[in-house]
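All of the numbers you see were taken from the coordinates with simple rules; none came from a lab. This structure is a prediction, so every number in the text was calculated from the model and none was measured. With ideal geometry, Cβ positions are generated from the backbone for all residues, glycine too; neighbour counts draw on all protein chains shown.
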Amino acid sequence: MKINSKNAVKTETAAKPASKPATAKRAVKKAVSKNRRVSFSVRAEPGSKVFLAGSFNNWDPTAKEMIDKKGDGTYAATLQLAPGDYQYKFVIDGTWCADPECPDWTQNDHGTLNSVKHVE
């Protein structure tokens, strides 16, 4: 018996998985971070080594280097901080300095001033 192509029955050897309907897609919730992007900047002599130290990095004088992108003496750094109050200073060529542009400060245990950043 001959089977011509008109009478042939096509069979599949493997079943295809059922596709999920579009309405069944799961919504992925992104974790909402309470951290805020906080910028710090200070003017110093171009070519200086400038760091940001504070209560957010255990006062490590070399933990966060500040960058002078344009080479004009404006050094900047950005941190992700949770809401709260943070004390900080700049370390410019090894000298600890309060932020001259910060209106809020507090006296520290060394008898000098720390700048205070309020993060909401």
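Quick notes on this structure:
- Summed over segment 44-60, residues that are under 17 Å from Y88 (Cα atoms) and surrounded by 14 or more Cβ atoms within 10 Å (Cβ to Cβ) total 10.
- Here the strands (runs of 3 or more DSSP E) wholly within segment 53-116 that include at least 3 residues being touching a residue at least 40 places away in the same chain (Cβ under 8 Å) are 74-81, 84-92.
- Candidate set from segment 61-81 (those that are surrounded by 12 or more Cβ atoms within 10 Å (Cβ to Cβ) and among the small types (G, A, S)); member that is farthest from S41 (Cα to Cα): A63
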